[in-house]
Amino acid sequence: MPLALLALAVSAFGIGTTEFVMMGLLPDVAGDLGTSVPTAGYLVSAYAIGVVVGAPLLTGFGSRIPRKRMLLLLMAVFTVGNLASALAPGFGTLAASRVLAGLPHGAFFGVGAVVAARLVRKDRQARAVATMFLGLTVANIVGVPAATLLGQHLGWRATFLVVAAIGLVSMAALARCVPDMPRDTTQSVRREVRALGDRQVVLALLTAVFGFAGVFAVYSYLASITTEVMGFSTSSVTLVLALFGIGMTLGALAAGPLTDRALRPTLYGSLGALAVVLVAFHFTSHVKWAALVTVVLLGAVGFMTTTPLQMLVMRKAEHAPTLASASNHSAFNLANAGGAWIGGVAIAAGWGWTSPTLVGAVLAVVGLAIAVTAGLLDREPARDSSRVVASGGATAEHAPSGERVG
């Protein structure tokens, strides 16, 4: 594995930790800032809003910046945002800091996915992108539980100080390991925006918005479900979050080779399985051992959707993939914000802590319906995976000299 992929995964680890740790810290943050858990859930949405706004904005801004330098600039913003979160004096300032920390998220993964695809052979591109995403999943096994435990014992502010430190380590790894990649002189914001108008790209983004919202409708409140429904103590929240992270990792490991082999069937299967697991969780959440098994399954089938969706938008926007790839993360974080909001509405309405599971199942079914519709409308001949591009019109196999590495 190229060291550059490891550097990207380390960065993804830091981003995944700060994105998901708020779910485990919601009760602590709510208690410290004197608000309710559903209201504190808006901090999850604040980060997601930052991703949604930042992905197209920063990707457009960085269209003429060499990719390595752009990755470093994005991680610098990420680090500052987490430091500001640690020092935030109140709820409003913390929400604004979470928006700032989320701004570089989508652009980083958009640029990072294109870089990862360029580092390997054409037949291993989905696996390369999945390797970068492994940083997100490992964050949920190690980073989020450890950061949650740290926050419970030393205060939630300590968590964000540690994440800021991870940001600095990530910048050093990127500077050392990622090769210089000259920017494509044919790339332009207009060309990237035009690629977003492709019908298949739009449908893929909608699939991510609705399908993945089903995951976040539940995951945003998993800490409270753990204590209020499963019957575990507060100290067990880190274990449950780690189990979810193990499921995510298993899903990411399976998604890479499955997507390289059969993209759309992998997407259909993961969304269908997600709906089934969410319904099952409504019933298993009251039985401790069954609830824990379901949490692992939820992480696995939920995260299996990410790689096929990422590769789909890159293939359908093959001549200008960076903004489309970044916008995919905007879609995932619209799902994050929407899922957290809808789940909170269901709880606040008095429907119970398990109500987000059924709401999430409905959202997953909507996402599946959109994905199937896109597949039926896609009458074009199957495109060879060699057409997944890193930028402009150059393929990974035929990239200009000095741009393809490994």
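General remarks:
- Cβ-Cβ distance of residue 69 and residue 373, R₀ of 60 Å, FRET efficiency by 1/(1 + (r/R0)^6): the value works out to about 0.90.
- Extension gain from residue 348 to residue 175, taking 0.36 nm per residue of separation minus the Cα-Cα distance: 57.7 nm
- Each label point was placed 7 Å from the Cα along the Cα-to-Cβ direction; for residue 122 and residue 198 their separation is 1.6 nm.
- Label-point separation, residue 57 to residue 32 (7 Å along Cα→Cβ), nm: 2.6
- In plain terms, the chain from residue 76 to residue 286 could stretch by 71.3 nm, reckoned as 0.36 nm per residue minus the Cα-Cα distance.
- Once the Cα atoms are used to define both axes, helix 321-348 deviates from the longest principal axis of the chain by about 10 degrees.
- When the convex hull of its Cα atoms is viewed from all sides, the range 329-379 shows a mean projected area of 3.9 nm².
- Computed [θ] at 222 nm, deg cm²/dmol, the chain (DSSP H ≥ 4; -39,500 (n - 2.57); rounded to nearest 500): -26000 deg cm²/dmol
- Around the Cα centre of the chain, unit charges on the Cβ atoms of Lys, Arg, Asp and Glu (plus for the first two, minus for the last two) sum to a dipole of about 940 debye.
- Label assignment, Cα Rg over 2.2 N^0.38 Å derived from the structure, set [x] 0.91; [y] 1.06; [z] 1.34: [x]
- Nearest-ten-degree value, helix 306-316 long axis tilted from longest Cα axis of the chain: 30
- Between 73, 60, 130, the Cα set farthest toward the positive side of the dipole of the range 56-131 (charges on each charged residue's Cβ, about the Cα centre) is that of 130.
- Evaluating 6.51 cos²θ - 1.76 cosθ + 1.60 at θ = phi - 60° for every residue in the range 216-230, the Karplus couplings come out as 6, 4, 9, 4, 4, 10, 5, 4, 6, 4, 4, 8, 8, 10, 5 Hz, glycine and proline recorded as x.
- In the elastic network of the chain, a GNM with C-alpha springs shorter than 10 Å, the most mobile of 170, 36, 270 is 36.
- For the range 158-173, Karplus couplings with θ = phi - 60° (6.51, -1.76, 1.60), whole Hz, Gly/Pro x: 4, 4, 6, 5, 5, 5, 4, 5, 4, x, 5, 5, 4, 4, 5, 5
- Part-to-part distance (alpha-carbon centres) for the range 343-360 and the range 100-148, which is given in Å: 30
- Nearby lysines by direct alpha-carbon distance to residue 68 (threshold 26 angstrom, same-chain neighbours under 8 apart not counted): 122, 316
No value in this document is a laboratory result; all are computed from the given coordinates. Owing to the predicted nature of the structure, the values given are computational and were not obtained by experimental measurement. Reconstructed Cβ throughout: ideal geometry from the backbone, glycine too, with neighbour counts over all protein chains shown.
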